[in-house]
Amino acid sequence: MSDSKERHQEFAEAFGRDIDPLAKYNEQFQKVDSDPFQLWLDDVVYSKDYAEDTIVAIERRVAQWCNFIWTEYNRHPAVPTTSHVIAFAEYYLNERNNKSGTVSAKLSTVNQAYEYFQMAPAFPHPKDYNPFKSAKMRMDLSGEDPKDQYPIPLDELREFIDVEVKHIRDRALVVIQLKLGLRASEVSNIKLSEIHITNSELQDHYDELGTHPMLQGRPNAIYIPHDRDRNKSKRPRVLPLDEELRRVLLQYLLCRPDNGRPWLFLSKSGGKKMDHTNINDVWKKYFRPKYGPTDQYRGVSSHYGRHRFTTWFRIDKGWQRDLLKYLRGDMQSGGELEPTKEAIDDYIHARYEKIENQFRRDIYELRV
């Protein structure tokens, strides 16, 4: 439980309140055949003299909301929490690249339906709790929209890395983020035990290399946990290491400081664990000023690797959304992962074995 949620829970217990007051109605809503959002459309939207384009936009926003809540949380979209609303907004901001005004309009539309539920006597929604208004209070949707990422062609990116990123460790850092779509925090938290590379010289030198249970029977792969400091992903995953990435990591591991620390990537001075800021500084060192911030584009940083990775698999290769969500560690249908070894193993087995061969075929080559 997050610190904020714990503090909310503390107040709720002190005053006999519930931080999820709509949860008790979820099962009943799922049993009712009628769609409450359709009832709102029939009673309110269709009775107004709206232009056809406006009606289509309203219907689309409602459909997006309902699909997101069902898919991500398996919860009825008429009884959300504030965190559900925030997750919906962040998904369309960060993953679908919607502008702030567009996301604000989506929330306003669905909020109108929610306020209808609050006023209609047939519905149980309390009048003193509105998750949409609560979410908007916690988010800034009024400022400038984030700038686009640089649209660097793959050939240009290959040439840049080949010419500019010569340091063996730094090249490994850049390549692993581009190849696996990892956040800087996830990269900083990788342990030697969580990466397997089939190479006798490496395995003789690093006893712990690839010994994590999730890598058993999964050669040339890496395990990314979801519950380590600053790892924002909702799910753990095992990802394949293609031949090119293995070669880059091999070059680094053969000259990595041998000081007994468990972390894959260590600092140049002192051989200490790198953090997300250190890794971001590596990207900025090489990619700026050529790809620095402009009026149109945000400066290239470590997040660029995740952006290119996601765009490649979603747009260029047309991967199904549920498989792409596995690659990224996003929430899957059914809600949070039960924190047992069996549940984690079953989840990874169902996904990794399905994506491994296709991933190895589809991942781009950087020619390093």
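The numbers here are math on the coordinates, done by the rules we state, and not lab data. Everything numeric in this text was worked out from a predicted model, so none of it was measured. Neighbour counts run over all protein chains shown; Cβ positions are idealised from the backbone, glycine included.
For segment 3-138, the dipole from Cβ point charges (+1 on Lys and Arg, -1 on Asp and Glu) about the Cα centre works out to 320 debye, to the nearest 20. In plain terms, the chain from residue 229 to residue 362 could stretch by 44.8 nm, reckoned as 0.36 nm per residue minus the Cα-Cα distance. Projecting the Cα positions of 294, 176, 203 onto the charge dipole of segment 154-362 (unit charges on Cβ atoms of Lys, Arg, Asp and Glu, taken about the Cα centre) puts 294 furthest along the positive direction. Each of 185, 200 was scored by other Cβ atoms within 10 Å of its Cβ. Listed from fewest to most, they are 200, 185. Subtracting the Cα-Cα distance of residue 345 and residue 8 from their residue separation scaled by 0.36 nm leaves 118.0 nm.
Phi-derived couplings, Karplus 6.51 cos²θ - 1.76 cosθ + 1.60 at θ = phi - 60°, listed residue by residue for segment 57-69: 5, 4, 4, 5, 5, 5, 4, 5, 4, 4, 5, 5, 5 Hz, with x used for Gly and Pro.
Quick one: dipole size for segment 154-362, taken about the Cα centre, charges +1 on Lys/Arg Cβ and -1 on Asp/Glu Cβ, in debye to the nearest 20. Kindly include the intermediate steps, with their values, before the conclusion.
On the way: 38 positive and 32 negative charges, 136 e Å.
In total the dipole reaches around 660 debye.
Please list the equivalent ellipsoid semi-axes of segment 1-79, computed as the square roots of five times the alpha-carbon gyration tensor eigenvalues, in descending order and whole angstrom. The partial results should precede the final answer.
Values: eigenvalues 208, 43, 35 Å².
Semi-axes, largest first: 32, 15, 13 Å.
Summed over all non-identical Cα pairs, the Kirkwood treatment of the chain gives a radius of 23.1 Å. With the charge dipole of segment 154-362 set up from +1 on Lys and Arg Cβ and -1 on Asp and Glu Cβ about the Cα centre, the Cα lying farthest toward the positive end among the listed residues 269, 250, 352 is that of 269.
What FRET efficiency would be calculated for the residue pair residue 323, residue 34, taking the C-beta separation as r and a Förster radius of 45 Å, to the nearest 0.05? Result of the calculation: an efficiency of 0.85. Distance between the 7 Å Cα→Cβ label points at residue 295 and residue 167: 3.4 nm. Note: relative contact order over segment 154-362, using C-alpha pairs below 8 Å and six or more positions apart, is 26 percent. Pairs from the list 268/317; 133/191; 179/290; 24/136; 48/325; 136/284 with a Cα-Cα gap above 30 Å: 268/317; 133/191; 48/325; 136/284. Across segment 3-138, the mean sequence separation of Cα contacts (distance under 8 Å, 6 or more residues apart), normalised by length, yields a relative contact order of 24 percent.
Taking 286, 25, 46 as the candidate residues, the one with maximal mean-square fluctuation in a Gaussian network model of the chain, Cα springs under 10 Å, is 46. What percent does the relative contact order of the chain come to when contacts are Cα pairs within less than 8 Å and at least six residues apart? Relative contact order for the chain comes out at 18 percent. Label positions at residue 268 and residue 51, each projected 7 Å from the Cα along the C-beta direction, are separated by 5.8 nm. Each Lys and Arg adds +1 at its Cβ and each Asp and Glu adds -1 at its Cβ; summed about the Cα centre, the chain shows a dipole of about 1040 debye.
With respect to the chain, whose longest principal axis is taken over its alpha-carbon atoms, helix 3-14 is tilted by about 40°. In this structure, the amide hydrogen of residue 197, modeled 1.01 Å from its nitrogen in the peptide plane, lies closer than 5 angstrom to those of 220, counting only residues at least 5 positions away or on a different chain. Using the Cβ-Cβ distance between residue 94 and residue 205 with R0 set to 35 Å, the FRET efficiency works out to roughly 0.30.
Angle of helix 154-164 to the longest C-alpha principal axis of the chain, folded into 0 to 90 degrees and rounded to 10: 40°. Translational diffusion coefficient of segment 204-250 (Stokes-Einstein, Kirkwood radius from Cα pairs, 25 °C, 0.890 mPa s): 203 µm²/s.
Rounded to the nearest 5, what % of the DSSP beta bridges within the chain are antiparallel ones?
Numbers: 7 of 8 bridges.
Given both bridge residues lie in the chain, the antiparallel proportion sits at roughly 90 percent.
Residue-wise HN-Hα couplings along segment 306-314, as the Karplus relation 6.51 cos²θ - 1.76 cosθ + 1.60 with θ = phi - 60° gives them from phi, are 5, 5, 5, 4, 5, 4, 4, 6, 7 Hz; Gly and Pro carry x. More than 15 Å apart: what percent of Cα pairs in segment 241-297 qualify? Summing the P(r) of segment 241-297 above 15 Å gives 63 percent of all pairs. Couplings for segment 99-111, taken from phi via the Karplus curve 6.51 cos²θ - 1.76 cosθ + 1.60 with θ = phi - 60°, read 7, 4, x, 5, 5, 4, 5, 4, 5, 5, 5, 5, 4 Hz in order; Gly and Pro are left as x. Diagonalising the gyration tensor over the Cα atoms of segment 154-362 and scaling each eigenvalue by 5 before taking the square root yields semi-axes of 25, 23, 16 Å, largest first.
What length, rounded to one decimal in nm, is gained on full extension from residue 244 through to residue 120, with 0.36 nm per residue of separation minus their alpha-carbon distance?
Details: separation 124, 0.36 × 124 = 44.64 nm, distance 6.04 nm.
The span from residue 244 to residue 120 would gain 38.6 nm if fully extended.
Going from the fewest other Cβ atoms within 10 Å to the most, the residues 214, 139, 119 appear in the order 119, 139, 214.
If you average the alpha carbon positions of segment 9-55 and of segment 258-284, how far apart do those two centres end up, in angstrom? Cα centroid of segment 9-55 versus Cα centroid of segment 258-284: 48 Å apart.
Can you work out D for segment 1-149 in µm² s⁻¹ from Stokes-Einstein, where Rh is the Kirkwood radius over C-alpha pairs, the temperature is 4 °C and the viscosity is 1.567 mPa s? Don't skip to the end; give the middle numbers.
Numbers: Rh = 16.6 Å.
Rounded to a whole number, D works out at 78 µm²/s.
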